[in-house]
Amino acid sequence: MHYTIQHIANALQAEASLSAPGTVIEHLVTDSRRIVFPSLSLFFAIHTSRRDGHSFVKEVHERGIHNFVVEKGFNITAFTNANFIFVDNTLQALQQLAAWHRGHFNYPVIGITGSNGKTIVKEWLYQLLSPVYNIVRSPRSYNSQVGVPLSVWEMSSENTLAIFEAGISQPGEMSKLEPVIKPTIGVLTNIGEAHGENFMNSAQKLSEKLRLFKHCDILIGRERDFGLQRDWIEFLGGELDILTWGYSIKNHFVIQRITKQDSSTRIEMYCDTQEIIFTIPFTDDASIENAITCMCVCIVLESGTDTMAQRMLQLQPVDMRLQLVQAINNCAVINDSYSFDITSFSVALDFLLQQHQYAQKTVIISDIPNEAGEEIYAQVAAMLQAKSISRVIAVGRQWELYAAALKNAVAITQHYATTDTFVSQFSNNHFRNEAILLKGARKFGFERIAGLLERKVHQTLLEINLTAMVHNLKQYQQQLKPGVKLMAMVKAFGYGSGGAEVANVLQFHKVDYLAVAYADEGIELRKAGISLPVMVMNIDDAAFEALVQYNLEPELFSFNILASFALFVKKQGIQQYPVHIKIDTGMHRLGFEEQDMPALTALLVNNPQLVVKSVFSHLAASEDSNQDAFTQRQADVLMQCCRQVENAIGYSFIRHISNSAAIFRNAHLQFDMVRLGIGLHGVDTAFEHQLQLQTVATLKTTIAQLRHVKAGDTVGYNRRGKVTRNSLIATIRIGYADGFDRRLSNGVGKVFINGDFVPVIGPVAMDMTMVDVTGITQIEEGDEVEVFGTNIPVQQVAAWCDTIAYEILTGISQRVKRVYVEE
């Protein structure tokens, strides 16, 4: 359905200043970075914990959006030929508009909530029901206060079923989402500990989640997730049918038997007197529970149990993450070939465009599922054109019908009727120095194309979760006082995670500054398309030319280096060049001391071609509460030095001293900017757990071989691995050349395999390591091994090695494949 801006103003019952009341609105935008169709978009200026959307109205207006929802009092005099709607709260207005839009449709709407499994259940229901229904669903994990209304806005009269998930992190949020989704069928998935920190107890969290089902006709869930049904029926008003599944005969869906086999599970259940038997290609408990929930929903929708049983056997794993991996001929591949809808396609295109290190962008795209018509294909072509994609390779017979629209949108287009045709005609020479997005519906099997493009390296990999990194960034940003800037440290190859890849994400999320150790690192960022200000912390005379050429800002820490750089800049005829002054307040590593201030200020005054951007220092022990007095003395010295510098040069500059630990441990020392380093990667050096940090880097490998070794035999070099019992030994594909430290040898270190922690036996070798897996009941060659990650924190590995997490992260070899994921 298409609404005019006047319709929307009326729906919101809001005051408006409309220069063109007949303007048609098709798209809602809350993020200035995600604009595709500006003339058809309505921008909501939403406040977040860190930023105010109103500060982006000018930028959005310049990019072609002329329709805005802003809060009352916003000054619009600078904007001509624009439509403005004035509301009390822009987020509430977004939710109110989506709820109004939801009211236009009468087909079934499934609302899903719970602690775990929401996205899996949603996507499996889509797999099972899409042959019967035209389904609109939440893209990826759009289940937040903003994501839900954006998902519901995609409902149209062409759909026959909607599936939306809703997540909450604090009390009161679900009551705002319920009228937006207004589900007719409710699904409650597993209730666990996720996002429980803001609730008094699990009972409060459950009661808050259940508010989503206030106006449902039917609610489906596992028996033990509900507690006493009578209590919940009373809580929800007693007007809905609660259909639970479980082993007890009092359930509506009664589980008779669950039989796990090697790679599948057979499930037998009853509904009334009907026996239902189906098999799923998974054996883990979470998948079994999610599949049972899905079957219960399918039964309620009367979709035919025999047909659903056949489709259950074909269920595919759900990986809702974008993956960026290194590929052949200096390419990178973004694999998003799980599903295809307009919203997820827009997100994937944004991620592609973040890869500034590649000038050429290629999209390999399949036909759009569910018999999409000309309008959808035209929209996809327009999105490709708006994003200035270099080349498009279309796979599928439907694209033959819309080839003209594609050619008008993109300079270079190719077409293959099937994936088989593409694979048979594939040549490595067709791809070079480019970023490649794979976006296709599951049935096209684009994983085969991914396998051809990805660079073949050994099976040890470092997985960097960019979504977790952004989460950690926001955790720290929420601690900042208003107006405090943030400098992100991306030195040492981004703490081992990849400098350019990490910097692209940080630039997209609008950090203020980046910092590297050496000019070479800064040059790589510039070559990768990073435009943020970059401070270089360790320079010498040989780097001066490169600093100026690539617009990098040096840290000046001694009289010699300051005088030399000032002379170089003067000879170049540069009038003003930004520099950063390092003060030694107690670390005694680099920097000017307090007694140097008279000479330093005189030098700065006599060299006005140097513009002081910041004056800063480095805390020696901010994570240690026993050193808080020393930390405060360091800050006092810095501020005294800053006052002397400012008085001398006659202008202000940025002052900063806080590192990751100090951001929340010493909040009064945030000053004008903070420097975020290891905390960005989920490591809390203060061990105070005041922030809900997520694991960013996971080092994985696989089992190369399993071997039975008799008691009394030895394992590894110099026979240092003593076997005292008949044992099963796994050789894993990682060694000290990969960054698996030799200090982990002989039982010091452990790895995580199939739910168990197993010790290293014998010495760590260059390329291989042996671990004792005796007693693990299910284990095979090729099984995944976690070296550090969610189950073994990198801090634990560091403790085993008697070192710090920095050394472990930066020590991962460049031969280890990096895989970047965005959820």
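Results, tabulated for the structure shown:
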item	result
Helix-derived mean residue ellipticity, 222 nm - over the chain, DSSP H n ≥ 4, -39500 (n - 2.57), to 500	-8500 deg cm²/dmol
Neighbourhood net charge (10 Å Cβ-Cβ; Lys/Arg +1, Asp/Glu -1) for Ile163	0
Nonlocal amide H pairs with Gln705, under 5 Å, H built at 1.01 Å	Thr731
Solvent-accessible area per residue, Å², over the chain with all protein chains present [probe radius 1.4 Å]	42
Mean Cβ count within 10 Å, highest first, over the residues of peptides 166-174, 706-714	166-174, 706-714
Cut-off 12 Å (backbone N to label point 7 Å along Cα→Cβ of Gln274), residues of region 308-348	308-309
Neighbour net charge for Phe544 - beta-carbon separation under 14 angstrom, K R +1, D E -1	-4
Within the chain, percent of DSSP bridges classed antiparallel, to nearest 5	40
Pair Phe37, Asn551: separation of 7 Å Cα→Cβ label points (nm)	3.4
Inter-part distance where region 584-626 and region 62-104 are each reduced to a Cα centre, Å	47
Cα centroid separation - region 288-308 against region 1-61, whole Å	40
Ordering of 738-748, 416-426 by packing [mean C-beta count within 10 Å, highest first]	738-748, 416-426
Amide H contacts under 5 Å for Asn67, placed H, 5+ residues apart	Phe43, Asn83
Within region 237-264: backbone nitrogen closer than 11 Å to the Glu780 label point (7 Å, Cα to C-beta)	262-264
Rounded FRET efficiency, nearest 0.05, which uses the C-beta distance separating Thr714 from Ser49 and R0 of 45 Å	0.20
Ranked by how many other beta carbons lie within 10 Å on average, peptides 755-761, 569-575 from highest	755-761, 569-575
Pairwise FRET efficiency - Arg589 versus Gln796, Cβ, R0 = 22 Å, nearest 0.05	0.20
R0 of 35 Å, Cβ-Cβ distance Asp540-Ala621: FRET efficiency to nearest 0.05	0.75
Per-residue ³J(HN,Hα) for region 408-416, Karplus 6.51 cos²θ - 1.76 cosθ + 1.60, θ = phi - 60°, Hz, x for Gly and Pro	5, 8, 10, 5, 10, 10, 9, 9, 10
Local net charge near Lys613, Cβ-Cβ under 15 Å (Lys/Arg +1, Asp/Glu -1)	-1
Inter-label distance for Ile376 and Asn330, nm, one decimal - labels placed 7 Å from Cα along Cα-to-Cβ	3.9
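The values are calculated or read from the model by the stated rules, or taken from the named source; none is laboratory data. It should be emphasised that the depicted structure is a prediction, and the values quoted were computed from it without experimental measurement. With ideal geometry, Cβ positions are generated from the backbone for all residues, glycine too; neighbour counts draw on all protein chains shown. When the accessible area is computed, the model is the full protein with side chains, heavy atoms only, and any ligands, DNA or RNA have been set aside. Shrake-Rupley method; radii C 1.70, N 1.55, O 1.52, S 1.80 Å.
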